[in-house]
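Worksheet: one structure, shown below.
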Amino acid sequence: MLVAKRINSDIEMVPERDYWLQPLLDDAYGDNVAEIMNAEDPLFILYTSGSTGRPKGMVHTTAGYMVYTAYTFKNVFQYREQDVYWCTADIGWITGHSYIVYGPLANGATTVMFEGVPSYPDYGRFWEVVQKHKVTQFYTAPTAIRALAKENLDYVEKYDLSSLKVLGSVGEPINEEAWHWYNNNVGKKQSPIVDTWWQTETGGIMISPIPYVTPTTPTYATLPFIGIQPALMDENGKEIKGNQVDGRLCIKFPWPSMARTIWGNHERYRDTYFSAYEDMYFTGDGALRDAVGYYRITGRVDDVIIVSGHNPGTAPIEDSINEHPAVAESAIVGFPHDVKGNALYGYIILKETGESRDKNNLRKEINQQITEQIGPIAKLDKIQFVSGLPKTRSGKIMRRILRKIASKDTSNLGDTSTLLNPEIVQEIMDEAL
Ligand code: 7RM
């Protein structure tokens with residue numbers, strides 16, 4: 001185990017196992033010859049965040065992964081020489097691997113690496129960096145956009161963002177509110193937003209607009225990338241053809257950067273991705289295809305909630321909630337209900353302006369808005385106002401935990417050690433309805 005010394009804290013080194021990196025680097029040869037690899041040699045193993053189940057070590061290969069991340073990077077971000085590209089992800093996440101390191105560097109691109117948070121020293125940090133380095137392509141996650149949209153607009157308006165040409169979003173569905181905030185205040189309606197859908201398992205971007213080519217629609221990842229063949233499937237394993245339909249998102253044909261196996265468990269790889277539908281890769285996500293053939297990802301299929309026989313879809317309901325002027329962010333989960341099978345439980349973070357409002361009035365207004373926009377079926381039975389939501393480091397809401405709290409089954413919450421904000425779990429539990 002190589003240990004890099006960078007914060008000077010006390011480290012308990014295990015003899016024979018742990019070595020300081022720097023002395024080894026000092027002794028290393030000055031010129032090293034790159035090792036020639038075979039196309040299918042493993043390049044890296046990356047463990048999926050494990051927002052459900054046990055983490056899986058996804059294996060990516062040398063040639064296919066690099067070819068696909070390089071090609072998608074160049075096209076999805078329309079990278080040109082002299083551009084300065086910045087992806088704010090953590091490099092420990094697949095987004096950092098594919099679109100901070102491999103994709104950009106394989107193109108000889110300038111890629112900004114940032115170690116920090118959007119809120120320090122203040123909420124203008126991202127825009128300060130954009131101005132300073134004249135960033136041309138900016139790629140971040142909806143969770144960051146929502147966090148910044150909660151704050152004063154001065155933090156954005158203070159900086160010169162005129163270098164920006166393309167804005168990107170990744171990691172979860174971007175809700176309509178956040179999309180407009182990003183478009184209006186960061187892109188000044190001049191920079192197309194690429195809402196890029198993909199997974200650790202896919203290695204690279206699978207569904208995304210091509211900026212300045214594909215007209216964008218808020219909340220839609222739009223069209224499959226070149227060579228990608230999506231399919232929507234029903235519960236009986238049949239493909240749903242045509243437009244204005246929804247189903248489970250599968251991919252019909254292999255692509256260069258698909259993960260080749262789960263490290264040490266090929267059986268599980270087969271079971272998880274290739275057994276649900278014959279001759280198809282199953283993504284685990286639900287999606288809808290609109291009248292023009294655009295895809296909108298509606299969330300993980302595991303998160304589907306059936307209320308009185310209907311599946312109202314978590315993303316559209318959260319979208320509707322987030323449109324309420326007092327709401328910053330929300331997450332809904334199902335909990336058992338005698339009559340409806342499941343009822344909806346909403347965890348809602350208020351904006352500063354919402355905190356002084358009467359909570360019962362707010363509950364009524366939110367449910368009224370949902371009723372008008374989606375229908376009475378999507379109304380929330382319980383609404384808990386919270387100060388935060390349990391999230392992974394890549395910004396995904398850990399719904400597994402919220403589901404358990406909603407159904408009052410908190411004896412075993414599972415592993416919460418990978419959470420960005422583990423302390424929030426106790427707080428939500430203490431205040432649960
Ligand atoms: C890149 C990444 C994968 C899961 C995926 C989806 C969700 C990712 C979007 C999205 C809606 C998007 N890899 N997801 N991007 N949902 N719109 N643009 O996030 O392995 O960490 O997660 O993330 O559910 O299956 S990941």
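The values are calculated or read from the model by the stated rules, or taken from the named source; none is laboratory data. Note that the structure is predicted; figures quoted are calculated from it, not measured. All Cβ positions, even for glycine, are placed from backbone atoms using ideal geometry, and neighbour counts span all protein chains on display.
When residues in segment 175-219 are screened for being of a type in the set (A, V, I, L, M, F, W, C), in contact (Cβ under 8 Å) with a residue 60 or more places away in the chain and surrounded by fewer than 21 Cβ atoms within 10 Å (Cβ to Cβ), 1 of them pass. Scan segment 243-253 and tell me whether some residue there is within 15 Å of the ligand (Cβ to nearest atom) and of a type in the set (Phe, Trp, Tyr). No, segment 243-253 contains no residue that is within 15 Å of the ligand (Cβ to nearest atom) and of a type in the set (Phe, Trp, Tyr).
This table checks each residue for (1) within 26 Å of Thr353 (Cα to Cα); (2) within 24 Å of the chain's Cα centre (by Cα); (3) in contact (Cβ under 8 Å) with a residue 12 or more places away in the chain.
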| position | (1), (2), (3) |
| --- | --- |
| Gln368 | yes, no, no |
| Glu372 | yes, no, no |
| Leu380 | yes, no, yes |
| Ile383 | yes, no, yes |
| Val386 | yes, yes, yes |
| Thr392 | no, yes, yes |
| Ile401 | no, yes, yes |
| Lys404 | no, yes, no |
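Being closer than 30 Å to Leu362 by Cα, out of contact with any helix residue (DSSP H, G or I) (no Cβ under 8 Å at 6 or more places or on another chain) and not in a strand (DSSP E or B) is not true of Glu278. Taking the stated definitions as given, is Arg363 surrounded by fewer than 19 Cβ atoms within 10 Å (Cβ to Cβ) and not polar (S, T, N, Q)? Here the answer is yes, as Arg363 does meet what is asked.
Screening the candidates Arg300, Arg248 for the property of being at pLDDT 95 or above, surrounded by 13 or more Cβ atoms within 10 Å (Cβ to Cβ) and under 25 Å from Met398 (Cβ atoms) yields one hit, Arg248. For Glu172, state whether it is in contact with a helix residue (DSSP H, G or I) (Cβ under 7 Å, 6 or more places away or on another chain) and either surrounded by fewer than 17 Cβ atoms within 10 Å (Cβ to Cβ) or under 19 Å from Phe126 (Cβ atoms) (or both). Yes. Here is the figure for segment 339-352: residues that are exposed (fewer than 14 other Cβ atoms within 10 Å of the Cβ) and under 27 Å from the mean Cα position of the chain (by Cα) total 1. Selection of segment 390-419 for residues being out of contact with any helix residue (DSSP H, G or I) (no Cβ under 7 Å at 6 or more places or on another chain) and either closer than 25 Å to Asn311 by Cα or part of a helix (DSSP H, G or I) (or both) yields Lys396, Ile397, Met398, Arg400, Leu402, Arg403, Lys404, Ala406, Ser407, Lys408, Asp409. The residues of segment 91-127 that are within 16 Å of the ligand (Cβ to nearest atom), surrounded by fewer than 17 Cβ atoms within 10 Å (Cβ to Cβ) and part of a loop (DSSP other than H, G, I, E, B), listed by number, are Ile91, Gly92. When residues in segment 172-216 are screened for being more than 13 Å from the ligand (Cβ to nearest atom) and either in a loop (DSSP other than H, G, I, E, B) or touching a Cys at 6+ places or on another chain (Cβ under 7 Å) (or both), 12 of them pass. Of the residues Leu46, Leu25, the single one that is outside any loop (DSSP other than H, G, I, E, B) and more than 16 Å from the ligand (Cβ to nearest atom) is Leu25. Scanning segment 217-242 for residues that are part of a loop (DSSP other than H, G, I, E, B) and either within 15 Å of the ligand (Cβ to nearest atom) or small (Gly, Ala, Ser) (or both) returns Thr217, Pro218, Thr219, Tyr220, Ala221, Leu223, Phe225, Gly227, Ile228, Gly237, Gly242.
Of the residues that sit in segment 148-171 and are of a type in the set (A, V, I, L, M, F, W, C) and in contact with a strand residue (DSSP E or B) (Cβ under 7 Å, 6 or more places away or on another chain), which one is nearest to the ligand (Cβ to nearest atom)? Residue satisfying both the conditions and the ranking: Val170.
Cβ separations smaller than 6 Å between residues 6+ apart or across chains give the following pairs from segment 1-19 residues that are farther than 23 Å from Glu115 by Cα to residues that are surrounded by 10 or more Cβ atoms within 10 Å (Cβ to Cβ): Asp18/Val3; Tyr19/Leu2.
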